[in-house]
Structure formats: structure tokens, C-alpha cells
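S.K.: Submitted below is the structure of interest, expressed as C-alpha cells.
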Amino acid sequence: MSKSSLILALAGGGLLLGAGYAWRRSSQRMLQDPQLRALVPIFDPQIDMITAESVLARLEHIPEDDEVTVVLHTGGGLVTACVMIADALRRFPKSRAIVPYMALSGGTLIALNARRLEMGRSAALSAVDPLVDGWRAKHIPERTAKLHALAQEAYQAVSTYLEETLTHRLGDPRAVERAMQVFMGHAAPHSWPVRSREVAALGLHVTHADDQWSRLVDAYRTSASRYRTL
């Protein structure tokens, strides 16, 4: 089976069902197919702990010498869930993250922990600084003492994790600092798009994602739309 036909069969064969993540229904069949076992699509609008549990279970059964491919289409989600997925991805010596359209916030954190990054023509990453009760953690005032303390903890934890990630990817402390400014959102709104040319300008290696991956997302979105109308 060619790669293109494999991708279309994947979308049409029930791997991505309804409006949510569908590993629970199809994981056994996937684990038996050597062409699918290292492919991990994450197509949740918001990544939660249920998503993380499913992805972690999937990654746990992929041999470490395989090249794992994570396809991301997400607006982000719970920081704990995203960090757990990023950690699991980081342990693979060979990995790639593919972003046909968007991997924002926590999705960006996952994407940056792959060894290789591929993005579509109009695709975007974003800042990863945490939100607390819908507010950017760094903007929560000190007068709200309890929430401010929680926000500071979250901000410091994400900042430290991002710095580890970028140091691993870039090495040069000056390049890491420049990338930290962008991905911690120091000069832009939290969800402001960071496009592939801007990612490359930071010194991060990024290549163009093949159109087959956007077709996979398109097929999922069509399937999800039909599910919502039932």
C-alpha cells in the first residue's frame, strides 16, 4: 500500500471517528498493522487527560527504534496532559511532528519535542505560556494572592520545561533565549500564529509537510462534521 493510499484508508477506515479521539475503538487493529503502529494523530480541539491517556498507551507499544510520527491538529489544552505527551515523544531517538494547519499552545509544546518538524504552507504554532482560569498566568495580578501564586508556579514550570526543550533542539544559549521570547509570548498574544518561516528564523529546523497530511485532517474534519449532525 502506498503512503498516500494508507493515509486515506486510515481516515476512511474508522481510525478517526466522530468529533473526538478514537484510539480506544481501533487501537488493537492498529497495533497489528506494521504500517500504522508508529503513526499517532492528535486531532482534539482541546487536549485533556483522556487524550493523554490514549496517546501514552499508544506510544508505549511503539518500539523505541521505530520513527514515531505525530500528526497534530489542535488548539492546545491541559498543560499536564500536553507535557506528559511531550515527555513520551521526547524519549524516541527518531520522531517527527507534522502540523498541517495548527498546533497551538500545548500542541506547540508537543511539536517542539519531536526530533523533526514539518509544517503546512499556512500552518502555525503559538506561544505556550500557561493560562489560569482563562487568563495568561503572567498577567494575573498580585492582589489576587492565591491565584497569583498558582499562576507563578504554572508559568515557572512551563518556562523551565520549554527551556529544556529548546536547549535540546538548539544548543546555543543565545538562540534558546530568542526562541524563549517567542514561545513564551513576550511580545504577542498567547495564540498569535508563529509560522514556519518564523520558526526557521529562530534556528529550528522545519520542512514542508506533504499535502497528504492536510488531506488526512480534512477527512477527519468531514467525518467529525457528519457526526455532529447525527
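S.K.: Considering each residue of region 118-151, count those that are of a type in the set (S, T, N, Q) and over 19 Å from Thr80 (Cα atoms), and give that number.
M.R.: In the first step, residues of region 118-151 are kept if they are of a type in the set (S, T, N, Q); the result is 122, 126, 144.
Narrowing further to those that are over 19 Å from Thr80 (Cα atoms): 122, 144.
The total comes to 2.
S.K.: Then there's this: Only one residue in Ile50, Ile62 is surrounded by fewer than 20 Cβ atoms within 10 Å (Cβ to Cβ) and part of a loop (DSSP other than H, G, I, E, B), so which one is that? Let's see the steps before the verdict.
M.R.: Values: Ile50 fails: part of a loop (DSSP other than H, G, I, E, B).
Of Ile50, Ile62, the one residue that is surrounded by fewer than 20 Cβ atoms within 10 Å (Cβ to Cβ) and part of a loop (DSSP other than H, G, I, E, B) is Ile62.
S.K.: Then there is this: Report the residue count in region 87-104 for those that are closer than 16 Å to Gln46 by Cβ and within 8 Å of the chain's Cα centre (by Cα).
M.R.: Number of matching residues: 2.
S.K.: Restricting region 160-184 to residues that are in a loop (DSSP other than H, G, I, E, B) and surrounded by fewer than 15 Cβ atoms within 10 Å (Cβ to Cβ), which is modelled with the lowest pLDDT? Show your work before the answer.
M.R.: Filtering region 160-184 down to residues in a loop (DSSP other than H, G, I, E, B) leaves 171-172, 184.
Then drop every residue that is not surrounded by fewer than 15 Cβ atoms within 10 Å (Cβ to Cβ), which leaves 171-172.
On the way: Gly171: 91, Asp172: 94.
The extreme case among them is Gly171.
S.K.: What are the residues in region 74-84 that are in contact with a strand residue (DSSP E or B) (Cβ under 7 Å, 6 or more places away or on another chain) and either aliphatic (A, V, I, L, M) or without any contact (Cβ under 8 Å) to a residue 12 or more places away in the chain (or both), if any?
M.R.: Once the filter is applied, which keeps residues that are in contact with a strand residue (DSSP E or B) (Cβ under 7 Å, 6 or more places away or on another chain) and either aliphatic (A, V, I, L, M) or without any contact (Cβ under 8 Å) to a residue 12 or more places away in the chain (or both), region 74-84 yields Leu78, Ala81.
S.K.: Is one or more of the residues making up region 207-215 outside any helix (DSSP H, G or I), of a type in the set (Gly, Ala, Ser) and surrounded by fewer than 17 Cβ atoms within 10 Å (Cβ to Cβ)?
M.R.: Narrowing region 207-215 to residues outside any helix (DSSP H, G or I): 207-210.
Filter once more, keeping what is of a type in the set (Gly, Ala, Ser): 209.
Subsequent filtering for residues that are surrounded by fewer than 17 Cβ atoms within 10 Å (Cβ to Cβ) retains none.
For region 207-215, residues outside any helix (DSSP H, G or I), of a type in the set (Gly, Ala, Ser) and surrounded by fewer than 17 Cβ atoms within 10 Å (Cβ to Cβ): absent.
S.K.: Out of all the residues in region 119-126, is one or more assigned to a helix (DSSP H, G or I) and either in contact with a strand residue (DSSP E or B) (Cβ under 8 Å, 6 or more places away or on another chain) or surrounded by 15 or more Cβ atoms within 10 Å (Cβ to Cβ) (or both)? Don't jump to the end; show me each part of the working.
M.R.: First, pick out the residues of region 119-126 that are assigned to a helix (DSSP H, G or I): none.
Within region 119-126, not a single residue is assigned to a helix (DSSP H, G or I) and either in contact with a strand residue (DSSP E or B) (Cβ under 8 Å, 6 or more places away or on another chain) or surrounded by 15 or more Cβ atoms within 10 Å (Cβ to Cβ) (or both).
S.K.: Moving to a separate point now. Working carefully through the options Ala81, Ala103, Ala114, find the one that is touching a Ser or Thr at 6+ places or on another chain (Cβ under 8 Å) and farther than 20 Å from Val217 by Cβ. First the steps, then the outcome.
M.R.: Working: Ala103 fails: farther than 20 Å from Val217 by Cβ; Ala114 fails: farther than 20 Å from Val217 by Cβ.
That would be Ala81, the only listed residue that is touching a Ser or Thr at 6+ places or on another chain (Cβ under 8 Å) and farther than 20 Å from Val217 by Cβ.
S.K.: Provide a single number: the residues in region 40-71 that are touching a residue at least 60 places away in the same chain (Cβ under 8 Å) and either out of contact with any Cys (no Cβ under 7 Å at 6 or more places or on another chain) or not aliphatic (A, V, I, L, M) (or both).
M.R.: The total comes to 4.
S.K.: Given the criteria assigned by TED's automatic domain parsing to the domain that holds Glu118, modelled with pLDDT of 95 or more and out of contact with any Gly (no Cβ under 9 Å at 6 or more places or on another chain), does Ala201 qualify?
M.R.: Working: assigned by TED's automatic domain parsing to the domain that holds Glu118: yes; modelled with pLDDT of 95 or more: yes; out of contact with any Gly (no Cβ under 9 Å at 6 or more places or on another chain): yes.
Here the answer is yes, as Ala201 does meet what is asked.
S.K.: If Gly134 meets every condition in (1) on the phi > 0 side of the Ramachandran plot; (2) surrounded by 24 or more Cβ atoms within 10 Å (Cβ to Cβ) apart from one, which number is that one?
M.R.: Failing condition for Gly134: (2).
S.K.: Considering each residue of region 56-78, count those that are of a type in the set (Val, Ile, Thr) and at pLDDT below 95, and give that number. Outline the logic, then answer.
M.R.: Start the filter on region 56-78 by keeping residues that are of a type in the set (Val, Ile, Thr), which leaves 62, 68-71, 74.
Applying the additional criterion that residues be at pLDDT below 95 yields 62.
Number of matching residues: 1.
S.K.: Determine if region 128-148 includes at least one residue that is touching a Ser or Thr at 6+ places or on another chain (Cβ under 6 Å) and outside any helix (DSSP H, G or I). Can you show your working first?
M.R.: To start, the set of residues in region 128-148 that are touching a Ser or Thr at 6+ places or on another chain (Cβ under 6 Å) comprises 128.
If we keep only those that are outside any helix (DSSP H, G or I) as well, we get 128.
Within region 128-148 (the criterion being touching a Ser or Thr at 6+ places or on another chain (Cβ under 6 Å) and outside any helix (DSSP H, G or I)), the answer is yes, since at least one residue qualifies.
The values are calculated or read from the model by the stated rules, or taken from the named source; none is laboratory data. Just so you know, these numbers come straight off a predicted model, no measurement behind them. FYI the Cβ positions are ideal-geometry reconstructions off the backbone, even for glycines, and counts take in every protein chain you see.
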